[in-house]
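The values are calculated or read from the model by the stated rules, or taken from the named source; none is laboratory data. Given the structure is predicted, the values throughout are model-derived calculations rather than measurements. For neighbour counting, all protein chains shown are included, and Cβ atoms are generated from backbone atoms with ideal geometry for every residue, glycine included.
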Amino acid sequence: MALRQVAWVTLYLVLVLTPQALLFLGEVPPGRDFWWNFSMALGFAGMAMIGVQFALTARIRPMTAPFGVDIIYLFHRYLAWIALAIVAAHFGILWLWYEDRLGPTINPFEADWELTAGRAALVLFGLAVVTAEWRKLLRLEYGLWRYAHVVLAIFGFGAAVAHIIGIGYFTASPLNRTLWLLATLSWLLLLVWVRLLKPLKQTREPWRVVEVRPGRNDVWTIAIEPDGHAGLRRFLPGQFAWLTLRNSPFGLREHPFSIASAPEALPRLEFGIKELGDFTSRIGEVRPGDPAWIDAPYGVFSIDRQPEAEGLVAIVGGVGITPVMSMLRSLAARGDRRPVWLFYGNKGWDDVAYREELEALQGRLDLRLVHILEEPPEGWTGETGFVTQELLERHLPPAPRPRLHCFLCGPTPMTAAAERALRGMGVPTRSIQTEIFELA
């Protein structure tokens, strides 16, 4: 696994740095001073990074498998800021020291078209990054933001390519121009695969909602089954799917949800979806018989990837219980008697999703269930407050501990506190796995 991770990181660096090498193929423009050439290098590097961004969100299974889609999307998010900063630095250097090369005006009706294209690309990329980072603060509805993000990225990319070809610096030679056009074509083909061919494949494998069941803390169970096909062949307990309900898979209305059911329940899939946010606030409107589409499975958050673990620890909060429900249900179906410690944080007792099922699973598993409530009811004798090292030490076996693998899923403050507590207890980092709670 480590070798595969290194291989993919190396490939990323090759894809980003290759355009720099292409600059020196064929006829090289007459030399200029350091800052001019540095600015040009920044422009090409930023463009290469932006092009690779399309690949990072394409959900290419061989690439996501070593890391997990959540890590790849987090990587995409941070690299977007870095790429934007690099492109902005490219423009900033020219603005500060070579203003005469930017033309006499920034008025798009009077400036050279290739310069206007570059400025438009910078603005469009900036809007794409800012609206993605602060979507909730800007109160952008998820579906509207998805459309806007795709449009901004495509038009920004097109404007950047037009800028590079129009300026012609380093791309004037037929060889360099051909190589850049081929690179652009490969990025466009990737876009066609993600936005057209993959949704088309989904339309040929429709699913149908078969059950809609309300639960505590506004967590709804949505069950789907394949409609006229065999469905998923397999998935690992704890993995997730991109789910589209009632809308076309071409409509950019897909959302990532953990699969709550066990692989042993295939072909049926169940999702635990909390009534919260733009799409999920209307989850109760879904009805049996509604069409559904999935792109699955994804994720590395699974007990099946830790077969050597002698015991399992899950620290979850709220709806973060859903991937762990898949794991627990699978362990029960397999008759797996390894010890499991589940620390489940909620605001109140009535907010505990799957409460009765968890109690029943204690009779089928070697399960130690520890509820942690922020606002406990009168007479509560269990744990209260938040996850701390002292709390975990009261329930986990003393050191030296067996080979435990820890799964964390929930709000970021909770998982961050749990990570610190586990490390303070001497649990190695490789035995602590955190599922990123939100991808967008």
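Checked against (1) within 24 Å of Gln433 (Cβ to Cβ); (2) not in a strand (DSSP E or B), Arg233 passes all but a single condition, namely (1). Among residues of the range 10-32 being surrounded by fewer than 13 Cβ atoms within 10 Å (Cβ to Cβ) and over 25 Å from Pro174 (Cα atoms), the one that is modelled with the lowest pLDDT is Leu13. Looking at the structure I just gave you, is Ala223 outside any strand (DSSP E or B), within 18 Å of Pro297 (Cα to Cα) and more than 21 Å from the chain's Cα centre (by Cα)? Spelling it out, it is not the case that Ala223 is outside any strand (DSSP E or B), within 18 Å of Pro297 (Cα to Cα) and more than 21 Å from the chain's Cα centre (by Cα). The conditions of being crowded, with 17+ Cβ neighbours inside 10 Å and outside any loop (DSSP other than H, G, I, E, B) are met by Phe257.
Within the range 71-129, restricting attention to residues that are hydroxyl-bearing (Ser, Thr, Tyr) and surrounded by 16 or more Cβ atoms within 10 Å (Cβ to Cβ), the residue that is nearest to Val52 (Cα to Cα) is Tyr73.
Note on the range 276-333: residues that are hydroxyl-bearing (Ser, Thr, Tyr) and part of a loop (DSSP other than H, G, I, E, B) total 2. Taking the range 342-440 as the region of interest, the helices (runs of 4 or more DSSP H) fully inside it that hold 1 or more residues being over 29 Å from Phe257 (Cβ atoms) and assigned by TED's automatic domain parsing to the domain that holds Ser330 are 389-395, 412-424.
Part of a strand (DSSP E or B), touching a residue at least 12 places away in the same chain (Cβ under 8 Å) and over 19 Å from the mean Cα position of the chain (by Cα) - does that describe any residue in the range 236-250? There is at least one residue in the range 236-250 that is part of a strand (DSSP E or B), touching a residue at least 12 places away in the same chain (Cβ under 8 Å) and over 19 Å from the mean Cα position of the chain (by Cα).
The residues listed here are Arg253, Arg282; of these, the one that is in the same structural domain as Val212 (by TED's automatic domain parsing) and in contact (Cβ under 8 Å) with a residue 12 or more places away in the chain is Arg253. Elements of the type helices (runs of 4 or more DSSP H) sitting completely within the range 101-208 and holding at least 2 residues that are at pLDDT below 90: these cover 142-167, 174-192.
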